[in-house]
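One structure is given here, and the rest of the page talks about it.
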Amino acid sequence: MWHRKKFRKLNRAPAHRKALLANIVKELIEHGKVDTTVARAKESARLAERLITWAKRNDLHARRLAFSVLQDPDLTEKLFTEVAPKFAGRAGGYTRVLKLPPRQGDGADLARLMWVS
């Protein structure tokens, strides 16, 4: 049964899963959209929502939390100065997951993760 399951494991070890999701969110912050599989997009959206909520607080602890995920000072600065102010009047729901046609090679379900604005 799927009761009390908090997140998708994505068939990866914990460190690998954390790195994968962080890399997808980095691409989202850098480019504004990213194409990936549906499961990865939905899990990455959760992490991106959390980062935006931290960035809207705009205090030192929030910056340190965001940096602990992103591991890149330039992207952390971009998150706090460019991305988060766009969502100042919005209380959640910062990302959108749009379904795309299946991948040509293996037929995997694809999705596009993007900001709502």
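The values are calculated or read from the model by the stated rules, or taken from the named source; none is laboratory data. Treat the numbers as computed from the prediction; the structure is a model and nothing was measured. Note that each Cβ is placed from the backbone with ideal geometry, even for glycine, and that neighbours are counted across all protein chains shown.
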For residue 77, are the conditions met, namely being in contact with a Lys or Arg (Cβ under 6 Å, 6 or more places away or on another chain) and modelled with pLDDT of 95 or more? no
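For the stretch 76-102, what are the residues that are on the phi < 0 side of the Ramachandran plot and either in contact (Cβ under 8 Å) with a residue 40 or more places away in the chain or part of a strand (DSSP E or B) (or both)?
Within the stretch 76-102, 78, 79, 83, 94, 95, 96, 97, 98, 99, 100 meet the criteria.
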Since residue 59 meets every condition but one in (1) of a type in the set (D, E, K, R); (2) out of contact with any strand residue (DSSP E or B) (no Cβ under 6 Å at 6 or more places or on another chain); (3) free of Cβ contacts under 8 Å to residues at least 40 places away in the same chain; (4) surrounded by 13 or more Cβ atoms within 10 Å (Cβ to Cβ), which condition does it not meet? (4)
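Suppose the filter is modelled with pLDDT of 95 or more, in a helix (DSSP H, G or I) and closer than 24 Å to residue 17 by Cβ; does residue 112 pass it?
Criteria not met by residue 112.
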Here's a check for you: in the stretch 25-44, which residue that is of a type in the set (A, V, I, L, M, F, W, C) and buried (at least 21 other Cβ atoms within 10 Å of the Cβ) is nearest to residue 108 (Cα to Cα)? 41
Is at least one residue of the stretch 20-39 more than 24 Å from residue 98 (Cβ to Cβ) and either out of contact with any Ser or Thr (no Cβ under 6 Å at 6 or more places or on another chain) or not in a helix (DSSP H, G or I) (or both)? no
